[in-house]
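Here's the structure, in structure tokens; my notes come after.
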Amino acid sequence: MANMKLGSKPEIFVLEGLTWRCMTELESDVVVEVGEMSFYLHKFPLLSRSGVLQRMITEYQPPADGGGMCTLQLDDVPGGAKAFELAARFCYDVKIELNALNVVCLRCAAEYLRMTDDYAEGNLITQAESFLSDVLANWKDSIKALETCEGVLPTAEDLHLVSRCITALASKACASDAAAKPLRNASLDRDALWNGIGSGDTPRGLAAAAAAVVVASGMDWWYEDVSFLSLPMFKRLIQAMEAKGMRAESIAGAIMFYAGRFLPGLKRNTSFSNALTGFGGDGMGSRNVTPRAANVSAPSEGDQRYFLEEIVALLPTKKGVASTKFLLGMLRTAMLLHASPLCRENLERRIGAQLEDASLDDLLVPNLGYTVETLYDIDCVQRILDYFMSSTDGLGTGYTSPAVGEEGSGSIGAPQGGTPSSSLSPIYMVAKLMDGYLSEVAPDTNLKLPKFQALAAVVPDYARPVDDGIYRAIDIYLKSHPWLSESEREQLCRLMNCQKLSLEACTHAAQNERLPLRVVVQVLFFEQLRLRTSIAGWFFVSDNAAAGDGARPHPGGPIVPKGAAAVAASAQAGVHTDAPEGKESITDVTARVSELEKECKSMKQEIRRLGKPRRSWSILTSKCGFGAKVQQAQPAMSGK
């Protein structure tokens, strides 16, 4: 910490209780009272340094009885008794030390006492200003000086001390942020060279060294220092940094660090006693508290609500600079504190714009409303999902067209397919996230069917390459709501596409007693159609491989699905399938057909038990293509 020593005389002040006495050969002839403290001093040293004390001593009228010393009241001196003590020592040329913790208060007290060079050369104002320039040249000292401005407002504002501290801090932080940009670019160049695609303009050793500097220095070195500022000072500092062009990522990082310190609700294991608070503000009364105070009471709900709303408004509007986890934590806290609707809507929109980055645990927002119906706040997630789907920056419906989605989802023969680009699409990630969310909220018996359907229907069908996730959620909901009617069950099952279920999901659905019979029949039908298509594809590839014709289709040949077409293309390129592998694959298909036949027989027995006529089952199996058609396929495969 920077310091400056003034004065040359030894200590002559002695503290006796609440009284400071100047121990010299002369008797004290003036008493200065500052709050509860009394200072027994001499007129001449004060007259020669302070214009205010000179005027007060000159204008002093002694009592009518003529007794007592000259008594002056200075209750409103900035910095109180501590600052006046240093000023009095300076008047007596007693040794004092200026540092970052007292220079602001002493500068304000000197201004109040009018200790200018008009009364003595090199007076206290000049000395304090000279040292203040050294303080503002150092980051740590500037932070301490800005903190001490809290105790001498508004004098520090009138003297522009607050703005000078903020400008100094903002300039230093922005200079560091700007200096880090070349280092970050060097790190990217290093990665490019490591992957073998660099241009060769940047030496690998220099790039690696620059990246090491970035890691070692840390771009968040100033976050903790500014987190001890009160809210008004922090806001002004952030606004100054924005005006100087600091990156939105750095500003958002500082705000998230600051909010995490003062909002215990963001961390579920943090208690109020562990959070130091500084809810300061112009005209806010009790909010004007210095955060570093040793004894700080737990903030009230109103203080926390005010703090949260101010932080949300302070966040940069750029998408992605604040993490989705942080925003969801802020939203939970806003609901707990009953923040304004505008604040909650702002958070929901921000979350919706980057919903693909959310995790399932963070999305499970407890229902903290006045009328609690469900365990989790379904309406909140519904609004967030609506904001995501209506976004116009490429994350919502405009990101992936239904045609691309259908192409990625595959045909009946390959429901689990997907293009490489679609697997990284935000709409696909959100669809998977919402399927998991529906599975988590489905066991809630208070969750009404229309609300469950409305939430599931927001995600379009093309966003789900495989419908196993939504099927799992539907099955859990049916298990937790056994009182649903048959029509309601069928209505609920319309949310999934039976053609896009995997083999495991189809096997489970075929044995699921909670599903309507019509849905089970659809699952079995599409599974058989998928197997028949696969068998036809195997025969087609085997015939072409045996004939040596590659993948050229025979006239009138069967339609080959995408998976079979890929196999045929590989065969044409010279990748031949060995006979044992082909037999093993056909055996697997035969086993699947046999398993499917067993499911059909079990369904037939169940229908008989329920009193259904055999004719209905015969018609059903003939329409679906079971029985004889499947049995005809087995001799053909065995002969093959």
If I filter the stretch 453-483 down to residues being in contact (Cβ under 8 Å) with a residue 60 or more places away in the chain and part of a helix (DSSP H, G or I), which single residue comes out as surrounded by the fewest Cβ atoms within 10 Å (Cβ to Cβ)? Ala454
So which of Glu527, Glu488, Glu513 ends up being acidic (Asp, Glu), assigned to a helix (DSSP H, G or I) and surrounded by fewer than 20 Cβ atoms within 10 Å (Cβ to Cβ)? Glu488
Examine the stretch 109-127 for a residue that is within 29 Å of Leu18 (Cβ to Cβ), open to solvent by 10 Å² or more (accessible area, probe 1.4 Å), in contact with a Leu (Cβ under 7 Å, 6 or more places away or on another chain) and assigned to a helix (DSSP H, G or I), and state whether such a residue exists. yes
Go through (1) in contact with a strand residue (DSSP E or B) (Cβ under 9 Å, 6 or more places away or on another chain); (2) assigned to a loop (DSSP other than H, G, I, E, B); (3) surrounded by 20 or more Cβ atoms within 10 Å (Cβ to Cβ) and name the single condition Asp75 misses. (3)
When (1) modelled with pLDDT under 95; (2) open to solvent by less than 30 Å² (accessible area, probe 1.4 Å) are applied to His338, the one that fails is (2)
Mind checking which pairs have a first residue in the stretch 85-101 that is over 24 Å from Ala137 (Cα atoms) and a second that is at pLDDT 95 or above and assigned to a helix (DSSP H, G or I), Cβ under 7 Å, 6 or more apart or different chains? Ala87/Leu106; Ala87/Ala109; Ala87/Ala110; Ala87/Leu113; Ala87/Leu124; Phe90/Leu124
In the set Glu59, Glu85, Glu97, the lone residue that is more than 22 Å from Glu129 (Cα to Cα) and among the acidic types (Asp, Glu) is Glu59
Would it be correct to say that Glu85 is charged (D, E, K, R), buried (at least 19 other Cβ atoms within 10 Å of the Cβ), closer than 20 Å to Glu27 by Cα and out of contact with any Cys (no Cβ under 8 Å at 6 or more places or on another chain)? yes
Name the residue that is farthest from Glu111 (Cα to Cα), counting only residues in the stretch 145-169 that are small (Gly, Ala, Ser) and surrounded by fewer than 22 Cβ atoms within 10 Å (Cβ to Cβ). Ser163
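The values are calculated or read from the model by the stated rules, or taken from the named source; none is laboratory data. Fair warning: this is a prediction, and the values are worked out from it, not measured in the lab. Note: ideal-geometry Cβ built from the backbone for every residue, glycine included; neighbour counts use all protein chains shown. The area values use the complete protein model at the heavy-atom level, side chains included, leaving out ligands, DNA and RNA. Shrake-Rupley method; radii C 1.70, N 1.55, O 1.52, S 1.80 Å.
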